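The values are calculated or read from the model by the stated rules, or taken from the named source; none is laboratory data. Keep in mind that what you see is a predicted model, and the values were worked out from it rather than measured. Ideal geometry is used to build each Cβ from the backbone, glycine not excepted, and the neighbour counts take in all protein chains shown.
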Amino acid sequence: MALRRHAVIAGLLVAGAAAAGAPAPGLLDFSADERERILAHGPWPPAPVRDPANALEGRAEAVAFGRRLFHDRRLSIDGRTACASCHVPARGFSDGRATASARRGEGPRNTPTLWDVAQQRWFGWGGANDSLWAASMVPMLATGEMAHTLSTLASRVRTTPDLAGGWRRAHGLPAGQPLPADDEAVVVGLAKALAAWQATITSPRTPFDDFRDALARGDTRAAAAYPLAAQRGLRLFVGEARCSVCHAGPRFSNGEFADVGVPFFLPARQGGGVDSGRHAGLRALQESRLTRRGPHHDGHPEADPRALLTRQVTMEPRHFGEFRVPGLRQLAHTAPYWHDGSAATLKDVVRHYSQLDEDRLHADGERILRRLNLSPRQAADLEAFLRTLGTPAVSAQRSMGSPSTHTR
């Protein structure tokens with residue numbers, strides 16, 4: 001009887017605490033401000049946003065053609081390399097290497113993941129492209145990568161029946177109709193089909209999303225299933241560590257560029273010099289005709305907010321050493337990290353911010369980053385949270401980019 005009485009009293013105390021707004025057992029008492037910041041990282045998945053510059057987005061024939069092209073080694077001059085050779089689906093659409101081949105105006109850079117790539121504002125570590133289709137052209141034409149020229153690639157498409165037929169179907173042209181005589185138009189059309197498929201690569205929901213949505217609907221019992229270490233790491237992420245200032249929104253990226261204290265001077269083994277990041281990217285963007293302001297926009301550039309943004313960007317000295325703020329979804333599957341692949345593990349990333357050399361950062365502009373000086377438990381908590389931004393294992397079907405999982 002005494003045990004039963006104690007159980008009843010304990011139940012009444014728990015009920016009273018819940019009625020008073022206390023957190024459920026296993027759930028941290030997040031403040032209203034913390035909850036607002038947490039909720040800003042969802043919901044997921046986001047509503048699809050079509051690119052007005054690419055009329056092929058959403059066309060089933062173009063998506064199917066783009067998926068085949070992604071695995072087609074004929075897009076390289078020697079027939080040895082496909083897009084999937086570096087953006088390996090089973091590796092989170094990256095390659096697991098620190099860096100890939102250098103391009104003009106860049107140093108060797110890490111191969112970025114393609115998860116949620118259509119949600120980006122700028123493309124490439126330096127933002128040299130303002131559309132996914134323009135970014136898709138770069139490796140096909142880059143020396144040291146797929147190494148085609150406009151003329152060799154356009155000729156290969158015109159003279160290869162299945163490529164020419166796929167190109168026509170993707171663009172809604174009748175069988176037998178000649179492809180455009182302009183080489184650039186043919187290659188842009190190829191890149192737009194590739195982009196149409198890549199736009200369907202949306203990462204799966206994560207444990208964080210379940211927690212975030214439980215908070216949104218006030219389901220404290222479901223929210224309490226989220227590990228306490230991850231909750232503590234999340235509190236750091238949106239609070240004291242200020243990670244969410246740059247890693248904002250559902251993608252965990254503000255879409256812009258930052259100097260995070262990673263050296264941009266290249267070591268002697270890579271030829272020395274400097275990878276100036278956003279500075280070089282802006283120069284390339286301003287010199288390119290393959291932008292939203294150029295002749296290959298499929299709509300009206302003046303009605304495209306992103307085309308307006310391209311026109312307004314300016315190149316400033318502060319852009320030296322700034323690189324694109326990556327999204328964090330599925331990051332546990334896309335190591336190594338940063339533009340130069342110099343952080344091998346998430347533990348290395350957390351340690352970098354904990355021991356950040358603030359003197360290494362830009363002196364001009366608003367100083368966002370500061371040394372965190374994390375305790376061992378705080379570092380472990382932050383890493384625990386970051387791991388909940390991915391799934392324990394991405395299914396083989398999704399990893400291979402099955403049309404059944406990636407077509408809208």
Residue tally, condition closer than 23 Å to Glu57 by Cα, free of Cβ contacts under 8 Å to residues at least 24 places away in the same chain and in a helix (DSSP H, G or I), over segment 279-291: 0
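Results for (1) among the small types (Gly, Ala, Ser); (2) free of Cβ contacts under 8 Å to residues at least 60 places away in the same chain; (3) under 30 Å from Leu150 (Cβ atoms), shown as yes or no for each residue.
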{"site": "Ala170", "(1), (2), (3)": "yes, no, yes"}
{"site": "Leu194", "(1), (2), (3)": "no, no, yes"}
{"site": "Arg205", "(1), (2), (3)": "no, no, no"}
{"site": "Leu234", "(1), (2), (3)": "no, no, no"}
{"site": "Asn254", "(1), (2), (3)": "no, no, no"}
{"site": "Phe257", "(1), (2), (3)": "no, no, yes"}
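Restricting attention to segment 217-234, which residues are over 9 Å from Phe385 (Cα atoms) and surrounded by fewer than 22 Cβ atoms within 10 Å (Cβ to Cβ)?
Those that are over 9 Å from Phe385 (Cα atoms) and surrounded by fewer than 22 Cβ atoms within 10 Å (Cβ to Cβ): Arg217, Gly218, Asp219, Thr220, Arg221, Ala222, Ala224, Ala225, Leu228.
Okay, residues lined up against (1) within 27 Å of Asp95 (Cα to Cα); (2) within 21 Å of the chain's Cα centre (by Cα); (3) not small (Gly, Ala, Ser):
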{"position": "Pro301", "(1), (2), (3)": "no, no, yes"}
{"position": "Arg306", "(1), (2), (3)": "no, yes, yes"}
{"position": "Gly321", "(1), (2), (3)": "yes, yes, no"}
{"position": "Arg324", "(1), (2), (3)": "yes, yes, yes"}
{"position": "Leu331", "(1), (2), (3)": "yes, yes, yes"}
{"position": "Ala344", "(1), (2), (3)": "yes, yes, no"}
{"position": "Gln355", "(1), (2), (3)": "no, no, yes"}
{"position": "Leu361", "(1), (2), (3)": "no, no, yes"}
Of all residues in segment 62-82 being hydrophobic (A, V, I, L, M, F, W, C) and touching a residue at least 40 places away in the same chain (Cβ under 8 Å), the one that is nearest to Thr143 (Cα to Cα): Ile77
Counted residues, segment 23-43 - those being surrounded by 14 or more Cβ atoms within 10 Å (Cβ to Cβ) and in a loop (DSSP other than H, G, I, E, B): 8
Residue list for segment 310-347, restricted to those being acidic (Asp, Glu) and either in contact with a Leu (Cβ under 6 Å, 6 or more places away or on another chain) or surrounded by 15 or more Cβ atoms within 10 Å (Cβ to Cβ) (or both): Glu322, Asp340
Residues (assigned by TED's automatic domain parsing to the domain that holds Leu153, of a type in the set (D, E, K, R) and in a helix (DSSP H, G or I)) located in segment 180-228: Asp183, Glu184, Lys192
Members of segment 309-322 that are out of contact with any helix residue (DSSP H, G or I) (no Cβ under 8 Å at 6 or more places or on another chain) and closer than 24 Å to Arg50 by Cα: Leu309, Arg311, Gln312
Per-region count, segment 315-337, residues closer than 19 Å to Glu106 by Cα and either charged (D, E, K, R) or at pLDDT below 95 (or both): 9
Wholly enclosed helices (runs of 4 or more DSSP H) of segment 292-396 bearing at least 1 residues touching a strand residue (DSSP E or B) at 6+ places or on another chain (Cβ under 8 Å): 346-354
